[in-house]
Amino acid sequence: MSFSSEVKTELSKINNLKNKQEVLAEFLGYLSTANVNKSKICSRFSTSNQYNINRFSKLLNNVNINNYKIEIQGKNYIITFNNSITLSQEYIEINTEQNNLKKAYIRGAFMGGGSINEPKNKYHLEIVFENYDTANLCKEMIEINGIKIKILNKEKNTLLYIKEGEEISKFLALIGANAAVLKFEEIRVVRDMKNNVNRIVNCETANLNKTINTSVLQINTIKQLKKQGKFNSLPDDLKEIANLRLENPNATLDELGNMLKKPIGKSTVSHRFKRLKEYL
């Protein structure tokens, strides 16, 4: 089972069906998505998650829509129901100023048109809406709860999406997917730790390569000076640093500076090598 399906299975089991206002809000959330195809006579909702279709049928029963039919087509469950009541009048009257109703609406929107990638691969959560207005309404509800979410208007529908791990975790907690939050955070900690280790290794490798490349150039300069018979006429401080470089080709500038009889800093060592080049 995919992580997205796990989340929806968990949400399907939330026991709030006795609260009529929350039921109405969640139902409205479902209806706002592009996954519910609506016509004048009937509407259809399709999902590959059996628990999700069961949840939706329970919502239908609780809003007194009993005339519906569930079919199986391939891997999808399809529920068709008659538009027997004026949803726009009765349901829009829900007082969405109450935060528990906002959460129910957002949960319904995710259940109806949402998905989330496997967190071990990448962080991406999205909800597909039928139009910009419904997407923007949901966006405002989510942002009021302190979650950053972006909107993208496409040709046929509108997306809300999140690509930051912390924001996805907060979103899952908001809609009541507590078990999913724990699993997501566990995966996120391991993934972020691996990414940090890789960044450190890459940084150290880059620094090592830079040190080696710099050392090669400095050694070539010293060899050229010797070949041209100019080395012995160099000032003592330049000959000292040049000999140290030949003896320690892998040393950093800091390390070379500390090897001198009178230790000097990295910038002074670098300056001496620049002076060496001027003698070519």
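On a 21 Å Cα-Cα criterion, which of the cross-link pairs Lys103/Lys156; Lys18/Lys150; Lys18/Lys102; Lys227/Lys266; Lys139/Lys170; Lys13/Lys156 come out too long? Among Lys103/Lys156; Lys18/Lys150; Lys18/Lys102; Lys227/Lys266; Lys139/Lys170; Lys13/Lys156, the Cα-Cα distance tops 21 Å for Lys103/Lys156; Lys18/Lys150; Lys227/Lys266; Lys13/Lys156. Axis angle, to the nearest 10 degrees, between helix 132-144 and the longest C-alpha principal axis of the chain: 70 degrees. Angle of helix 99-113 to the longest C-alpha principal axis of the chain, folded into 0 to 90 degrees and rounded to 10: 80°. Look at the dipole of the chain built from charges on Cβ: of Ser39, Asn99, Ser2, the Cα furthest out on the positive end belongs to Ser2. Computed on the Cα atoms alone, the convex hull of the chain gives a volume of 201 cubic angstrom per residue. Between Ile212 and His271, residue separation times 0.36 nm minus the direct Cα-Cα distance comes to 19.5 nm.
At a Förster radius of 35 Å, what calculated FRET efficiency corresponds to the Cβ-Cβ distance of Lys148 and Ser46, to the nearest 0.05? Once the sixth-power term is evaluated, E becomes 0.70.
Dipole of region 209-278 computed with +1 at Lys/Arg Cβ and -1 at Asp/Glu Cβ about the Cα centre; of Gly229, Ala251, Ser270, farthest Cα towards the positive end is Gly229.
Mind checking the dipole of the chain: about its Cα centre, +1 per Lys or Arg Cβ, -1 per Asp or Glu Cβ, Debye to the nearest 20? For this selection, approximately 1140 debye. Between Cys203 and Asn54, the contour length at 0.36 nm per residue exceeds the Cα-Cα span by 48.5 nm.
Sorted on the mean count of surrounding Cβ atoms within 10 Å across their residues, most packed first, peptides 42-53, 22-33 read 22-33, 42-53.
With both labels modelled 7 Å from their Cα along Cα-to-Cβ, the Asn220 to Asn76 distance reads 6.3 nm.
We did not get these values from a lab; they are worked out from the coordinates using the rules stated. Since we're looking at a predicted model, the values are computed, not measured. Neighbour counts run over all protein chains shown; Cβ positions are idealised from the backbone, glycine included.
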